[in-house]
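For reference, the structure is listed below as structure tokens.
None of the figures in this text is laboratory data; all of them are computed from the coordinates on show. From a predicted model like this one, the values you see are computed outputs, not experimental measurements. Here Cβ is always computed from backbone atoms with ideal geometry, including for glycine, and neighbour counts include all displayed protein chains.
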Amino acid sequence: MPYKRICLSFLIADIALVITYQVSKSVLGLYHMAYRNAVNYTVYTILGILTLAIFVQIIFILFRLVRKRQAKPAIRILSGVGITAIIVTIAIAFLQIFIRGVFGHQPEHIVEKDGRTMLARVDSFLQVEVRYYEYVNALVRGSRTLIHEDYGNGGYDPFEMENIPDVQRYIYY
């Protein structure tokens with residue numbers, strides 16, 4: 001059955017990507033570094049596509065079981081329930097991804113601060129906070145917060161404004 005082989009190959013790719021990503025993240029952590037948003041978003045997108053492809057292949061396999069006339073009624077019912085469960089799981093996953101994307105996005109900016117090149121991550125959901133990290137390169141940043149700035153209430157990115165507002169509170173680490 002080609003669906004089973006395709007499903008297995010997607011599953012192996014999914015597992016290999018998760019292991020590679022987690023191991024490399026752990027190694028970076030040993031050197032007090034972390035991946036930047038671009039790497040994380042790329043890995044999560046590829047994982048999502050591979051997982052969706054696995055679910056689609058499983059739906060095809062279950063659908064073939066439902067269509068078989070000689071299959072036992074219990075198997076046909078379980079296959080139908082499995083298809084429904086997978087479709088509901090996909091819908092919930094898309095809703096969760098949408099909510100995290102809207103409320104959890106933290107834009108990054110490369111800035112000069114105190115004579116050093118740093119990476120500023122803006123968290124502006126309810127409280128506008130900026131955390132500065134060591135800038136390493138396009139894929140990696142330092143993992144330790146060097147400076148934390150609090151701009152107060154709002155939902156804006158201070159680096160995208162013409163005049164950066166005053167910092168209400170800051171902490172140097």
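Setting aside same-chain residues fewer than 8 positions from Lys25, which lysines have a Cα under 28 Å from its Cα?
Lys113
Given the options Ile46, His105, Val81, identify the residue whose Cα lies farthest towards the positive end of the charge dipole of the range 30-173 (+1 on Cβ of Lys, Arg; -1 on Cβ of Asp, Glu).
Val81
Rounded to the nearest 20 debye, what is the charge dipole size of the chain about its Cα centre when +1 sits on each Lys and Arg Cβ and -1 on each Asp and Glu Cβ?
Charge dipole, the chain, about its Cα centre: 1800 debye, nearest 20.
Taking every pair of Cα atoms in the range 47-90, average 1/r, invert it to obtain the Kirkwood radius, and report Rg/Rh to two decimals. The partial results should precede the final answer.
On the way: Rg = 11.2 Å, Rh = 10.7 Å.
The Rg/Rh ratio comes out at 1.05.
What does the extension gain come out to for Arg76 and Leu11, with contour length at 0.36 nm per residue minus their alpha carbon separation?
21.0 nm
Please give the contour-minus-distance gain from Thr45 to Leu30: 0.36 nm per residue of separation, less the Cα-Cα distance, rounded to one decimal in nm.
Once the chain is fully extended between Thr45 and Leu30, it gains 2.9 nm.
Extension gain Tyr170-Val56, at 0.36 nm per residue separation less the Cα-Cα distance, in nm?
36.1 nm is the gain from fully extending Tyr170 to Val56.
Please report, in Å, the Rg and the Dmax of the range 100-155, where both are computed over Cα atoms only.
Computed over the Cα atoms of the range 100-155, radius of gyration and Dmax are 11.6, 34 Å.
Would you list the P(r) distribution for the chain, with all Cα-Cα distances sorted into 10 Å bins from 0 and each bin expressed as a whole %?
With 10 Å bins starting at 0, P(r) equals 9, 25, 25, 18, 13, 8, 3, 0.
Suppose R0 equals 35 Å; then what is the FRET efficiency for Arg67 and Thr89 from their Cβ-Cβ distance, rounded to the nearest 0.05?
Working from the Cβ atoms, E equals 0.95.
In whole Å, largest first, what are the principal axis extents of the Cα atoms in the range 1-62?
Reported extents, whole Å, longest axis first: 46, 17, 12.
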